[in-house]
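Chemist: The structure's right below; bear with me while I get my questions together.
The values are calculated or read from the model by the stated rules, or taken from the named source; none is laboratory data. Computed from a prediction, not measured in an experiment: that's the story for all the values here. Quick reminder, even Gly has a Cβ in these numbers, built from the backbone with ideal geometry, and neighbours come from all protein chains shown.
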Amino acid sequence: MLLKSSVMSVEKKYGLMCQRNFALKYIFRSLHNLSHPGIRATKRLIQDRFVWPPMLKDIAKWTRCCIPCQRCKVQRHTVSPIQPFAPTVERFQHVHIDLVGPFPPSDGFTFLLTCIDRYTRWPVIPVSDISAEAVAKSFITNWISRFGVPAIITTDQGGQFQSRLLSSLKQMLGYNEFEPLRTTLLRMVWLNVFIVP
């Protein structure tokens, strides 16, 4: 790639000093799209050839925003080991709960508290915010008041389910501890509900 020094850049000791924003983005795309390396490798690749004032921040931001990288790169996830569930023979005895969202506001609600009974597959409760108080109130009002207290509640250990409020709720309802398991059942139901084939 050639940049005319009189219009686009000024030659410096460590490369070309670029001054036009569109040129910077073009330089990034040209080098990053060769093999879609990570942030560190992209920085090394560009630093060998070019220099501009907030270069490292720009490269990090643009690399994080790269759609092909987001789709194809494997990210590190902390995943709880998959554990088998005991068979359920009664309805409303084993409930999986999780939060989904944020969604565009609808009547003031932006999140959904998913409460899925393993036996009947009963799913969702809309909530306006995901504070521990709102989650506990929604669960008591919309689930426990209608179906009773389940024998087992499974969560994904989100912040709302680890708070003091829900700890006291567990004690009030007679639970020793919630089951800290991944709620793959919720993920499967949401795939069926929200993704149109």
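Chemist: Take segment 102-118 and flag every residue that is in a loop (DSSP other than H, G, I, E, B) and farther than 10 Å from D129 by Cα. Please lay out each step first, then the result.
Modeler: Initial filter on segment 102-118 (in a loop (DSSP other than H, G, I, E, B)): 102-105, 107-108, 110, 118.
Scanning segment 102-118 gives F103, P104, P105, D107, R118.
Chemist: Tell me which residues, restricted to segment 126-144, are surrounded by 17 or more Cβ atoms within 10 Å (Cβ to Cβ) and under 20 Å from the mean Cα position of the chain (by Cα).
Modeler: V127, I130, A132, V135
Chemist: Does R121 satisfy being closer than 30 Å to I153 by Cβ and of a type in the set (D, E, K, R)?
Modeler: Working: closer than 30 Å to I153 by Cβ: yes; of a type in the set (D, E, K, R): yes.
Yes.
Chemist: Still on this model: Which residues, counting only those in segment 82-108, are without any contact (Cβ under 8 Å) to a residue 24 or more places away in the chain and over 19 Å from the mean Cα position of the chain (by Cα)? Can you show your working first?
Modeler: Residues of segment 82-108 that are without any contact (Cβ under 8 Å) to a residue 24 or more places away in the chain, as a first pass: 84, 86-87, 102-108.
Hits for segment 82-108 are P84, A86, P87, S106, D107, G108.
Chemist: Let me ask another. Restricting to segment 121-138, name every residue that is modelled with pLDDT of 75 or more and assigned to a loop (DSSP other than H, G, I, E, B).
Modeler: S128, D129, I130, S131
Chemist: As an exercise: evaluate D58 against (1) farther than 30 Å from S128 by Cβ; (2) without any contact (Cβ under 8 Å) to a residue 24 or more places away in the chain and give the number of the one condition it does not meet.
Modeler: The failed condition is (2).
Chemist: Kindly list the number of the only condition in (1) modelled with pLDDT of 75 or more; (2) among the polar types (S, T, N, Q); (3) over 23 Å from the mean Cα position of the chain (by Cα) that fails for S6.
Modeler: With (1) modelled with pLDDT of 75 or more; (2) among the polar types (S, T, N, Q); (3) over 23 Å from the mean Cα position of the chain (by Cα) applied to S6, the lone miss is (1).
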